[in-house]
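Participant: Please read through the structure below; I'll follow up with questions.
The values are calculated or read from the model by the stated rules, or taken from the named source; none is laboratory data. What you see is a predicted model; the values in this text were computed from it and never measured. When we count neighbours, we look across all protein chains shown, and the Cβ atoms used for this are built from the backbone with ideal geometry, even at glycine.
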Amino acid sequence: MTRTALPNRRPCVTVATIFGKHPITVTVGLHPDTGAPAEVFGDFEKGGDLATVCRDAAVACSLALQHGAAPADLDKSMTRVPDWKLIDGEMVETVTYASPVGAIVGAIMDIATK
């Protein structure tokens, strides 16, 4: 599959997400003609190894999107783990992404489905 070249200027959406207790900033560039996610930037404000993982994950997601991967296909391929959250005073079992890569893909999905 051939990579789709993007125009120099395009709209984007920036959101905050969390992996564990770590905030991650995700910016998703949208294709100007379709509004579909086309590139991703991820960052962890404290730097370090997690920032490197976020940036590299964003590059990999960008390449996948530009080669025709659908955000939903990326999302369904991410590993998830059980988690517990306090909701309305009650502990409820939920499922969360197992890695910061999954958290970034989750942010892409949130933007793609709006």
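Participant: Which residues, counting only those in region 1-53, are exposed (fewer than 15 other Cβ atoms within 10 Å of the Cβ), among the hydroxyl-bearing types (Ser, Thr, Tyr) and under 12 Å from the mean Cα position of the chain (by Cα)?
Facilitator: THR14 - this is the single residue of region 1-53 that is exposed (fewer than 15 other Cβ atoms within 10 Å of the Cβ), among the hydroxyl-bearing types (Ser, Thr, Tyr) and under 12 Å from the mean Cα position of the chain (by Cα).
Participant: Taking ASP49 as the residue in question, decide whether it is of a type in the set (Asp, Glu) and either modelled with pLDDT under 95 or in a strand (DSSP E or B) (or both).
Facilitator: On the way: of a type in the set (Asp, Glu): yes; either modelled with pLDDT under 95 or in a strand (DSSP E or B) (or both): yes.
Answer is yes for this residue.
Participant: Can you name every residue in region 95-114 that is surrounded by 11 or more Cβ atoms within 10 Å (Cβ to Cβ) and polar (S, T, N, Q)?
Facilitator: Taking region 95-114 as the starting set, the residues that turn out to be surrounded by 11 or more Cβ atoms within 10 Å (Cβ to Cβ) are 96-112.
Selection gives THR96, SER99.
Participant: Among the numbered criteria (1) out of contact with any strand residue (DSSP E or B) (no Cβ under 9 Å at 6 or more places or on another chain); (2) of a type outside the set (Asp, Glu); (3) under 18 Å from PRO100 (Cβ atoms), which single criterion is violated by GLY35?
Facilitator: Unmet for GLY35, out of (1) out of contact with any strand residue (DSSP E or B) (no Cβ under 9 Å at 6 or more places or on another chain); (2) of a type outside the set (Asp, Glu); (3) under 18 Å from PRO100 (Cβ atoms): (3).
Participant: Is at least one residue of region 14-28 under 15 Å from LYS114 (Cβ atoms), in contact (Cβ under 8 Å) with a residue 60 or more places away in the chain and touching a Pro at 6+ places or on another chain (Cβ under 6 Å)?
Facilitator: Checking region 14-28: at least one residue is under 15 Å from LYS114 (Cβ atoms), in contact (Cβ under 8 Å) with a residue 60 or more places away in the chain and touching a Pro at 6+ places or on another chain (Cβ under 6 Å).
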